[in-house]
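Accompanying notes for the structure given below.
The values are calculated or read from the model by the stated rules, or taken from the named source; none is laboratory data. Being a predicted model, the structure only gives us computed values, none of them experimental. Here the Cβ positions follow ideal geometry from the backbone for every residue, glycine too, while neighbour counts run over all protein chains shown.
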Amino acid sequence: MEKLSALQKARLEYQPKTPDMIKGDISNIIAEESGVTEPASFKEEIKELFANVYGLPVVKFKKGSNPNANNKVNVGIVLSGGQAPGGHNVIIGVLDALKKANKDSKLFGFLGGPSGILEDKAIEITPEFAFNFRNTGGFDMIGSGRTKLESEEQFIKCIEVFKKRQISALIIVGGDDSNTNAALLAEYLKKNNTGVQVIGVPKTIDGDLKNKYIETSFGFDTATKVYSELIGNICRDANSAKKYWHFIKLMGRSASHIGLECALQTQPNVAIISEEVEKEHITLVEIVDDIVRIIITRSENKEDFGVALIPEGLIEFIPEMKLLISELNDLLANNVTHFETLNSFAEQTQWINKNLSRDSSFVFSSLPFDIQKQLLMDRDPHGNVQVSRIETEKLIIDLVQDKLTEMKNNGKFKGKFSAQNHFFGYEGRCAAPSNFDSDYCYSLGYTAFILIANGLTGYMSSVSNLAQPHTNWAAGGIPLTMMMTMEQRRGKLKPVIKKALVELDGKPFKKFAEQREECAIKTSFIYPGAVQYYGPAEVCDRPTKTLILESE
C-alpha cells in the first residue's frame, strides 16, 4: 500500500455532493422519456448501423416505483483511453449505488482497459478495496487502455466473458472514441438478444465531448485548473524576470477548449484558438506576423517578455498545414507497405514530395526537418497524424525568431527576444480531482447505475445544470446515437461521436475576444493559484469559467 500524504488522507473522508433527485431509495427513481432522437447528420447511415438502439428518447429521472431496481446484478466497468481526474469517483459512484440497491450485487473492474474484457482479466471491486481510491486522481485502481471494441470477433468474446461472470451490464468510461465503441457494442448485444446493457460515461480533459445535454466531460475542470496554476506561475515569473517570452503548448487534441479556459483564467498576452484560425483562414505566416506585432509593441513599452498559449491541435487548423496533413494521412494510409521499405529520411521525403500536390510539397519542404520528421511519425489508431508529438510551439518560436532577426537587421526592431518553450499535458491528467470533478464524477457513476436499474442500454450518463449548486443538478441519460456522425478513418467512413469544437459565437470565446487586445499589449496576468479543496464554496466548488459563461 502506498504511503498517503496528509491531503490524501483528508480526501478519503470527503463525501461527494450529489443532485437531490438521485438521493434516497433507488427503487423510487424512474426514467422519464421525452421524445425520439436522431443525429444531426448522416441519419440514414447511422440508423442502418444502429437499428436496435437508434432513435431512443432522452431520459431524466423522477420519483416513481421501480421494483426491479433491487434485483441482484453483476455489473462490469472499464476505463478506456487517456486518464482524466475523477475516474475513480465514477467507479465509487457506481459501487455505492449498486450496493445501496442490493448489497449482494457485484461490481467487476476489467483491468487495463477494453483488452481486460477480451482477456477476461478483472477484479471484484468491494467497498473495502475501493475506499482507498475515493477522491484520488489516476486510473490505477483498474488501469486503462486504448483497445478498440469494434469487430464481431471481439463482440463474441465479450459475450463469452459476460456469460462466464454473469454480467448483465457494462459501463464504459471514456471519450468520444470509447463511447462510439460503447454504442457499437450496445447495438450488437441488443441485436443478439443477450440482455446485457451498455452505458457510457463522458470522460476527457480535452473538453470536446459535450453538447446540449453533456455540458462538460469529467476531468476538464481539474486539468484546466492545474494548467492555469502552472501558467499563472510562469506569468508571475515572466513579470518578475522580465526577459523571456514563454510559449506554452496545451494538451487538448483538436479542440481549443483547454486553451480558451486557461486564457480566461490567466489572461496571457497571446492565446491562439485553432477554430478561429480555421474559420478566418489564417495562415502560418499571419499567425507569426501577429505575434511579432505584439512582441514589438510590448518591447516599445519596455516589456521584452510575455506568455503565449498554443493549442495542441493548432497545426491541423492552419489552412495550408491542414491540407498537407490530409494529403499525408491519405498517402501514408494507402501506401503503408511501400513507405516501410524506405530506409532513410531522405528517401522518405523524396517520395513524399513526389506524391504530394505542388502546394503541399512546397509547404512540407519549407518546414524545419524536425517538424517534417514529426509529421511522418507513426499514425494513431485512426491513421491520423499524432498532433501531440508535433512541437508546434518550437516551430512558432523559430519562425518568430527568424522574423525578428530579419527586422533587427533592417533596423525595424531594437528590442530583445528570448524564448522558452513548454508543453503541459500529462501534468493535469492524473491530478487529484477538484471538488467539482469529485462531485460530478461520483454523480455520473451513480446515475449510470440508475440507468441500468431502469433497464436502459445505449445511453450515456448525464448530469446537467452544472453551473448551479449541486442540489439543482439534473440527472438522466442521453442516447449515444444522437451524438454521432460519420468520419473518414483510414480511407473509410466510420461512425463516431462528433467532437465538439470551440464555438466562436459562444459566450466563452466572445468574452476572451473582448479582452485579448488589451491583454496582448498591457500586462494583465491573473494568478489562479493551486486547486483548493477546503474553504469557501466560491473558491473550492466553483466550476470552470467556460461553464459559468455558457450558463448565462
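Here are some notes:
- From 503, 550, residue being in a helix (DSSP H, G or I) and either on the phi < 0 side of the Ramachandran plot or touching a strand residue (DSSP E or B) at 6+ places or on another chain (Cβ under 8 Å) (or both): 550
- Boolean, residue 358 is over 13 Å from residue 327 (Cα atoms) and charged (D, E, K, R): no
- With respect to the stated conditions, residue 429 is surrounded by 15 or more Cβ atoms within 10 Å (Cβ to Cβ) and under 19 Å from the mean Cα position of the chain (by Cα).
- Verdict on residue 496 being surrounded by 16 or more Cβ atoms within 10 Å (Cβ to Cβ), in contact with an Asp or Glu (Cβ under 6 Å, 6 or more places away or on another chain) and of a type in the set (Val, Ile, Thr): yes
- Counted residues, region 380-409 - those being touching a residue at least 12 places away in the same chain (Cβ under 8 Å) and either closer than 20 Å to residue 305 by Cβ or more than 24 Å from the chain's Cα centre (by Cα) (or both): 12
- Listed conditions (1) modelled with pLDDT of 95 or more; (2) surrounded by fewer than 20 Cβ atoms within 10 Å (Cβ to Cβ) are all met by residue 50, apart from (2).
Residues are listed down the side, and each one gets a yes or a no for (1) touching a Ser or Thr at 6+ places or on another chain (Cβ under 9 Å); (2) over 30 Å from residue 244 (Cβ atoms); (3) surrounded by fewer than 18 Cβ atoms within 10 Å (Cβ to Cβ):
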| position | (1), (2), (3) |
| --- | --- |
| 517 | no, no, yes |
| 525 | yes, no, no |
| 534 | no, yes, yes |
| 541 | yes, yes, no |
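Per-residue answers, yes or no, for (1) in a helix (DSSP H, G or I); (2) under 28 Å from the mean Cα position of the chain (by Cα); (3) within 24 Å of residue 101 (Cα to Cα); (4) free of Cβ contacts under 8 Å to residues at least 60 places away in the same chain:
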residue: 3; (1), (2), (3), (4): no, no, no, yes
residue: 8; (1), (2), (3), (4): yes, yes, no, no
residue: 14; (1), (2), (3), (4): no, yes, yes, no
residue: 18; (1), (2), (3), (4): no, yes, yes, no
residue: 30; (1), (2), (3), (4): no, no, yes, no
residue: 38; (1), (2), (3), (4): no, yes, no, no
residue: 41; (1), (2), (3), (4): no, yes, no, no
residue: 53; (1), (2), (3), (4): no, yes, no, no
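Per-residue answers, yes or no, for (1) surrounded by fewer than 20 Cβ atoms within 10 Å (Cβ to Cβ); (2) more than 30 Å from residue 194 (Cα to Cα); (3) in contact (Cβ under 8 Å) with a residue 60 or more places away in the chain; (4) touching a Phe, Trp or Tyr at 6+ places or on another chain (Cβ under 7 Å):
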| residue | (1), (2), (3), (4) |
| --- | --- |
| 450 | no, no, yes, yes |
| 458 | no, no, yes, no |
| 472 | yes, yes, yes, no |
| 477 | no, no, yes, yes |
| 489 | yes, no, yes, no |
| 504 | yes, yes, yes, no |
| 507 | yes, yes, no, no |
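- Taking the numbered list (1) in contact with a Leu (Cβ under 9 Å, 6 or more places away or on another chain); (2) assigned to a helix (DSSP H, G or I); (3) touching a residue at least 60 places away in the same chain (Cβ under 8 Å) in turn, residue 415 passes all entries but (2).
- Residues located in region 315-337, provided they are polar (S, T, N, Q) and surrounded by fewer than 17 Cβ atoms within 10 Å (Cβ to Cβ): 326, 334, 335, 337
- Some residue of region 127-146 being among the hydroxyl-bearing types (Ser, Thr, Tyr), in contact with a Leu (Cβ under 7 Å, 6 or more places away or on another chain), buried (at least 16 other Cβ atoms within 10 Å of the Cβ) and touching a residue at least 24 places away in the same chain (Cβ under 8 Å): yes
- Number of the exception - residue 280 against (1) over 19 Å from the mean Cα position of the chain (by Cα); (2) touching a residue at least 24 places away in the same chain (Cβ under 8 Å): (2)
- The listed residue being of a type in the set (Asp, Glu) and buried (at least 18 other Cβ atoms within 10 Å of the Cβ), out of 347, 312: 312
- Complete set of residues in region 351-377 that are surrounded by fewer than 16 Cβ atoms within 10 Å (Cβ to Cβ) and farther than 19 Å from residue 488 by Cβ: 353, 354, 358, 359, 362, 365, 366, 368, 369, 370, 373, 377
- Number of the condition not met by residue 304 [criteria: (1) of a type in the set (Asp, Glu); (2) touching a Gly at 6+ places or on another chain (Cβ under 6 Å); (3) loosely packed, with under 15 Cβ neighbours inside 10 Å]: (3)
- Matching residues, region 8-29, being crowded, with 18+ Cβ neighbours inside 10 Å and in contact with a strand residue (DSSP E or B) (Cβ under 8 Å, 6 or more places away or on another chain): 19, 21, 22, 29
- Any chance residue 138 is touching a Cys at 6+ places or on another chain (Cβ under 7 Å) and more than 15 Å from residue 165 (Cβ to Cβ): yes
- Test: residue 228 is under 30 Å from residue 81 (Cα atoms), within 28 Å of the chain's Cα centre (by Cα), modelled with pLDDT of 95 or more and of a type in the set (Ser, Thr, Tyr): yes
- Filtering region 253-287 to residues that are part of a helix (DSSP H, G or I) and either β-branched (Val, Ile, Thr) or over 18 Å from residue 428 (Cα atoms) (or both) leaves 258, 266, 274, 275, 276, 277, 278, 279, 284, 285, 286, 287.
- When we screen 92, 77 for residues that are buried (at least 22 other Cβ atoms within 10 Å of the Cβ), assigned to a helix (DSSP H, G or I) and not assigned by TED's automatic domain parsing to the domain that holds residue 388, the only hit is 92.
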